[in-house]
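Since the structure comes first, as structure tokens, the remarks are kept for the end.
The values are calculated or read from the model by the stated rules, or taken from the named source; none is laboratory data. If you're wondering where the values come from, they're calculated on a predicted model, not measured in any experiment. Every residue, glycine as well, gets a Cβ built from its backbone with ideal geometry; the counts of neighbours run over all protein chains shown. Quick note on the areas: whole protein, heavy atoms, side chains included, nothing else; ligands and nucleic acids left out. Shrake-Rupley method; radii C 1.70, N 1.55, O 1.52, S 1.80 Å.
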Amino acid sequence: DTEVTQTPKHLVMGMTNKKSLKCEQHMGHRAMYWYKQKAKKPPELMFVYSYEKLSINESVPSRFSPECPNSSLLNLHLHALQPEDSALYLCASSRDDREGEKLFFGSGTQLSVL
Amino acid sequence: LAKTTQPISMDSYEGQEVNITCSHNNIATNDYITWYQQFPSQGPRFIIQGYKTKVTNEVASLFIPADRKSSTLSLPRVSLSDTAVYYCLVGDEGNYGQNFVFGPGTRLSVLP
């Protein structure tokens, strides 16, 4: 199994809603990542988890809250988002977070904030 | 910030060889060079990775000169399905040495 599975594929939410994005991998990878991608822009790193601990937070607003319940799962909790947060949210994993490890990406969650 | 420079876009025709060059003048000694391909509304997909000289797999070749300040992704005989954005990644010059920070990428359009 070389897949990273993200759910839901599409999400529409209002600015007062609370929702969660989910990501799962069963490759035994110990590093997991959240990226945000706006249209025609490169993926922008948000968070990195290494061995279930948050190792990198790229100054992401607190309305985005990551969680890594175990080595296979990664969640992104969303609360009080703004319309400008509408984007494709990508999850990735790698064996660990050392130099040279290749990233495996999911297909993303297309988020629209109304 | 990613420390790579690539052409913003390229056009090619089916059956041609396409070479995309990435500049990384400040590459560190222990940095790998990794290329990803991304189709619309999908996550990036690993294509190839190298450290020095030449690497070849079933999809592409990667040429890296001795000074490692640039690298060239070579796609042989492209087809319409190779239309995508191609990203070159090396270690980030900020807080991390790992190559998971994306630069702007090259948008390749393959024409019939």
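What number of residues within the range A:44-54 are among the basic types (K, R) and surrounded by 17 or more Cβ atoms within 10 Å (Cβ to Cβ)?
Number satisfying all stated conditions: 0.
Please go through the range B:1-16 and pick out each residue that is open to solvent by 60 Å² or more (accessible area, probe 1.4 Å) and hydrophobic (A, V, I, L, M, F, W, C).
Once the filter is applied, which keeps residues that are open to solvent by 60 Å² or more (accessible area, probe 1.4 Å) and hydrophobic (A, V, I, L, M, F, W, C), the range B:1-16 yields B:L1, B:I8.
Quick check on my filter: what residues within the range B:17-40 are assigned to a loop (DSSP other than H, G, I, E, B), open to solvent by less than 90 Å² (accessible area, probe 1.4 Å) and over 26 Å from A:E99 (Cβ atoms)?
The one that is assigned to a loop (DSSP other than H, G, I, E, B), open to solvent by less than 90 Å² (accessible area, probe 1.4 Å) and over 26 Å from A:E99 (Cβ atoms): B:F39.
Taking the range B:49-59 only, how many residues are more than 8 Å from every other protein chain (Cβ to nearest Cβ) and under 12 Å from the mean Cα position of the chain (by Cα)?
Adding up the residues that qualify gives 1.
Which condition from (1) over 25 Å from B:Y51 (Cα atoms); (2) touching a Ser or Thr at 6+ places or on another chain (Cβ under 7 Å) is the one that A:K102 breaks?
If we test A:K102 against (1) over 25 Å from B:Y51 (Cα atoms); (2) touching a Ser or Thr at 6+ places or on another chain (Cβ under 7 Å), just (1) comes out false.
With the condition being over 18 Å from A:T109 (Cα atoms), I'd like the strands (runs of 3 or more DSSP E) fully within the range A:1-86 carrying at least 1 qualifying residues.
A:31-37, A:44-50, A:53-57, A:64-70
If I go through the range A:93-113 residue by residue, how many of them are more than 7 Å from every other protein chain (Cβ to nearest Cβ) and small (G, A, S)?
Number satisfying all stated conditions: 3.
Residues being open to solvent by less than 10 Å² (accessible area, probe 1.4 Å), outside any strand (DSSP E or B) and modelled with pLDDT of 85 or more: count how many of those fall in the range B:77-98.
2
When you check B:D67 against the structure, is it within 14 Å of chain A (Cβ to nearest Cβ) and acidic (D, E), yes or no?
So B:D67 does not fit the description; no.
For the range A:55-85, which residues satisfy the criterion of being within 14 Å of chain B (Cβ to nearest Cβ) and either open to solvent by 70 Å² or more (accessible area, probe 1.4 Å) or in contact (Cβ under 8 Å) with a residue 24 or more places away in the chain (or both)? Working first, answer last.
Going residue by residue through the range A:55-85, those that are within 14 Å of chain B (Cβ to nearest Cβ) are A:55-59, A:74.
The answer is A:S55, A:N57, A:E58, A:S59, A:L74.
Output yes when any residue across the range B:40-48 is among the aromatic types (F, W, Y), under 13 Å from the mean Cα position of the chain (by Cα), within 9 Å of another protein chain (Cβ to nearest Cβ) and closer than 23 Å to A:A39 by Cα, and no when none is.
Yes.
Restricting to the range A:16-43, give me the number of residues that are in contact with a Phe, Trp or Tyr (Cβ under 6 Å, 6 or more places away or on another chain) and open to solvent by 50 Å² or more (accessible area, probe 1.4 Å).
Number satisfying all stated conditions: 1.
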